[in-house]
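Trainee: Input: one structure, supplied below.
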Ligand code: NQM
């Protein structure tokens with residue numbers, strides 16, 4: 001399935017081995033990792049297409065579906081289930097309906113989905129019209145466009161509550177809106193270390209010798225810039241309490257600059273060693289959260305739109321610029337403190353690409 005700007009196979013958790021080592025061996029075989037092209041599997045040779053969703057009926061109270069996100073890499077044999085993916089999340093409810101875990105309830109179906117990796121619950125709504133036979137089905141075609149995906153598709157509405165500290169334990173894991181860190185070979189540099197669903201290090205692109213408007217290729221082929229970013233990532237990983245992040249897929253390094261195309265903030269997101277073609281969902285939520293937080297590195301560069309009063313409380317919608325366009329994130333703010341984000345909402349799309357059996361060498365009798 002495609003979920004937002006990511007793609008990967010989704011499994012019914014009951015079809016995979018229960019023990020983690022055997023499960024990971026199956027996932028590596030299915031995806032063809034490690035191999036830069038993942039030529040012997042379903043992976044697409046890029047971190048954004050080396051993702052897996054493992055879905056199960058909900059067991060926690062008030063939760064309809066639970067899923068575990070697994071990040072694989074083309075070039076390593078790691079299976080990381082400690083991070084988040086809001087893009088793959090967009091395909092979870094469609095998968096659950098396709099496989100009968102959730103029954104459609106009307107022209108739209110809303111379910112609460114628990115991401116087991118972090119404990120975050122999202123409320124997700126997809127379109128489920130009735131066909132000529134009266135049976136409801138997941139509609140994938142539609143008019144919604146998200147930058148980073150060709151064409152248009154049906155909207156998947158995602159609302160998040162309580163995403164602060166998803167991996168790093170708190171919104172501002174160092175306790176500060178801004179820190180100055182000392183990085184060997186780079187010098188002193190101001191950063192905002194923040195986690196509102198995804199741990200991010202927000203840094204003014206100019207402080208790393210960039211403009212923030214570089215193309216993916218310009219960043220990904222600039223070994224000196226990438227070395228500075230990685231040196232900063234290792235230092236900030238420790239500062240955020242994430243330990244040695246050398247082999248981890250977070251924190252995502254987010255180079256920010258003033259908006260150029262009418263948005264609120266311009267971003268280049270390294271995830272962490274290649275530049276995202278757009279920006280991750282929870283990374284966009286976290287970058288937008290930083291942009292409304294006075295004193296943060298993003299706040300100083302952002303042009304934040306006005307806050308409006310709605311029936312749900314004060315809200316603001318920030319357009320987060322990225323290499324292939326923009327990502328609009330609506331932030332719900334605490335009525336008593338409009339710099340505190342208490343919920344977020346956004347639009348994605350998803351698509352069922354194929355359904356079938358992935359064959360695992362040596363386990364031909366046990367299709368997954
Ligand atoms: O931040 C990629 C993606 C992601 C993560 C990444 C994501 C999120 O775009 O919620 O979606 O940052 O590694 O798929």
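Trainee: For residue 336 and residue 39, what does the FRET efficiency come to when R0 = 45 Å and r is the distance between their Cβ atoms, rounded to the nearest 0.05? Write out the running numbers ahead of the final one.
Mentor: Values: r = 55 Å, r/R0 = 1.23.
For residue 336 and residue 39, the calculated efficiency is 0.20.
Trainee: Oh, and also: Is region 179-327 best put as rounded, prolate or oblate by its Cα gyration tensor, with a ≥ b ≥ c the root eigenvalues, rounded for a/c under 1.5, and otherwise prolate when a/b is larger than b/c, oblate when not?
Mentor: Working: a/c = 1.80, a/b = 1.47, b/c = 1.22.
Prolate, since a/c reaches 1.5 and a/b exceeds b/c.
Trainee: Could I ask something else about it? Per 0.36 nm of contour for each residue apart, how much would the distance between residue 188 and residue 317 grow if the chain were fully extended, relative to their Cα-Cα spacing?
Mentor: Stretched out fully, the residue 188 to residue 317 stretch lengthens by 43.2 nm.
Trainee: I'd like the orientation of helix 281-291 relative to the chain: the angle between its Cα long axis and the longest Cα principal axis, in ° from 0 to 90, rounded to 10.
Mentor: Helix 281-291 sits at roughly 20 degrees to that axis.
Trainee: Right, here's the next one. Give me the percent of DSSP beta bridges within region 179-327 that run antiparallel, rounded to the nearest 5.
Mentor: Details: 22 of 29 bridges.
Counting DSSP beta bridges with both partners in region 179-327, the antiparallel share is about 75 percent.
Trainee: Right, something else. Where a ≥ b ≥ c are the square roots of the eigenvalues of the C-alpha gyration tensor, would you call the chain rounded, which needs a/c under 1.5, or, failing that, prolate if a/b is larger than b/c, or oblate?
Mentor: Values: a/c = 1.77, a/b = 1.25, b/c = 1.41.
It is oblate, given that a/c is not under 1.5 and a/b is not larger than b/c.
Trainee: Here's something else I'd like to know. When ranked by the protection proxy of mean other Cβ atoms within 10 Å per residue, highest first, what sequence do the peptides 208-218, 280-290 form? Walk me through the numbers on the way to the answer.
Mentor: Values: 208-218: 15.4, 280-290: 30.5.
Going by the mean number of other Cβ atoms within 10 Å, highest first, we get 280-290, 208-218.
Trainee: Using 7 Å Cα-to-Cβ label points, what is the residue 300/residue 261 separation (nm, one decimal)?
Mentor: Each label point lies 7 Å from its Cα, and together they span 2.6 nm.
Trainee: By its C-alpha gyration tensor, with a ≥ b ≥ c as the square roots of the eigenvalues, how is region 203-271 shaped: rounded for a/c under 1.5, else prolate for a/b larger than b/c, else oblate?
Mentor: On the way: a/c = 2.24, a/b = 1.60, b/c = 1.40.
Verdict is prolate for region 203-271.
Trainee: Comparing 189, 279, 271, which has the greatest mean-square fluctuation in the GNM of the chain with Cα pairs linked when under 10 Å apart?
Mentor: 189
Trainee: For the chain, take the longest principal axis of its alpha carbons; what is the angle in degrees between that and the long axis of helix 20-31, to the nearest 10 within 0 to 90?
Mentor: Tilt relative to the chain: about 90 degrees.
Trainee: Relative to the longest principal axis of the chain, what angle (0 to 90°, nearest 10) does the C-alpha long axis of helix 223-239 take?
Mentor: The answer is roughly 90 degrees.
Trainee: Quickly work out the residue 59-to-residue 110 label distance, labels modelled 7 Å from Cα along the C-beta direction, and quote it in nm with one decimal.
Mentor: 2.7
Read-outs throughout are calculated quantities, based only on the coordinates presented, and are distinct from any laboratory measurement. Model, not experiment: these values are computed from the prediction. Positions of Cβ are backbone-derived with ideal geometry, glycine not excepted, and every protein chain shown enters the neighbour counts.
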